[in-house]
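Asks: Right, I'll just put the structure down here and ask away after.
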Amino acid sequence: QAQLVESGGGLVQPGGSLRLSCAASGILFSTADMDWYRQAPGKQRELVARISSDGSINYSEFVEGRFAISRDNMTNTVYLQMNNLKPEDATVYYCHTKRFFRNYWGRGTQVTVSS
């Protein structure tokens, strides 16, 4: 069974940067498409970025040019480098993958953007 554990969240000033990490276990990581989602209180969870097993990448329009997703198949880790953070980026970020029609989620990591 897949387990996803996020880390790297915290408090940052507007314009600052954070790097989120998601450590995966229980799956053949190199064959997994990996996603970062975020969810603000009272809103639907939304896709932030996706990196496929073949390395192809997609970003949501609200982060393109500021965030970068990457993966390390040696350490079973997916990263989200977040630059030029804005107050509207402040929320909980979740790691996600789907294996054999089942969704797996981490518990999330909180990102706060405030001066």
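The values are calculated or read from the model by the stated rules, or taken from the named source; none is laboratory data. The shown structure was predicted, so the numbers you read here are calculated from the model rather than taken from an experiment. Reconstructed Cβ throughout: ideal geometry from the backbone, glycine too, with neighbour counts over all protein chains shown. In case anyone asks, the SASA skips ligands and DNA or RNA and just uses the protein heavy atoms, side chains included. Shrake-Rupley method; radii C 1.70, N 1.55, O 1.52, S 1.80 Å.
Asks: Any residue in region 27-40 that is under 24 Å from GLY9 (Cα atoms) and hydroxyl-bearing (Ser, Thr, Tyr) sitting within a Cβ distance under 7 Å of a residue that is open to solvent by 20 Å² or more (accessible area, probe 1.4 Å) and in a strand (DSSP E or B)? List the pairs, counting only those 6 or more apart or interchain.
Replies: Here the result reads TYR37/GLU46; TYR37/LEU47; TYR37/TYR94, each pair linking region 27-40 to a residue that is open to solvent by 20 Å² or more (accessible area, probe 1.4 Å) and in a strand (DSSP E or B).
Asks: Can you pull out the residues in region 1-16 that are of a type in the set (A, V, I, L, M), crowded, with 16+ Cβ neighbours inside 10 Å and closer than 28 Å to SER114 by Cβ?
Replies: Selection gives LEU4, VAL12.
Asks: Filter region 54-87 for residues that are free of Cβ contacts under 8 Å to residues at least 40 places away in the same chain and out of contact with any strand residue (DSSP E or B) (no Cβ under 6 Å at 6 or more places or on another chain) and give the result.
Replies: Answer for region 54-87, where residues must be free of Cβ contacts under 8 Å to residues at least 40 places away in the same chain and out of contact with any strand residue (DSSP E or B) (no Cβ under 6 Å at 6 or more places or on another chain): ASP54, GLY55, SER56, GLU61, PHE62, GLU64, GLY65, ARG66, ASP72, MET74.
Asks: Considering only residues that are outside any loop (DSSP other than H, G, I, E, B), under 20 Å from ASN76 (Cβ atoms) and open to solvent by less than 50 Å² (accessible area, probe 1.4 Å), which ones fall in region 31-47?
Replies: MET34, ASP35, TRP36, TYR37
Asks: Here is a follow-up. Being in contact with an Asp or Glu (Cβ under 8 Å, 6 or more places away or on another chain) and not in a loop (DSSP other than H, G, I, E, B) is the filter here; which residues of region 100-115 pass it?
Replies: Passing the criteria: THR109, VAL111, VAL113.
Asks: Then there is this: In region 55-99, what count of residues is obtained for those that are over 13 Å from ARG38 (Cβ atoms), open to solvent by 20 Å² or more (accessible area, probe 1.4 Å), among the β-branched types (Val, Ile, Thr) and in a strand (DSSP E or B)?
Replies: 1
Asks: Follow-up question, since we're still on this one. Could you list, in sequence order, the residues of region 15-30 that are small (Gly, Ala, Ser) and part of a strand (DSSP E or B)?
Replies: If the condition is that a residue be small (Gly, Ala, Ser) and part of a strand (DSSP E or B), then SER21, ALA23, ALA24, SER25 are the ones that fit.
Asks: I'm trying to understand the selection: among the residues of region 17-26, which are over 17 Å from ARG107 (Cα atoms) and either surrounded by 15 or more Cβ atoms within 10 Å (Cβ to Cβ) or aromatic (Phe, Trp, Tyr) (or both)?
Replies: Hit for region 17-26 is LEU18, nothing else.
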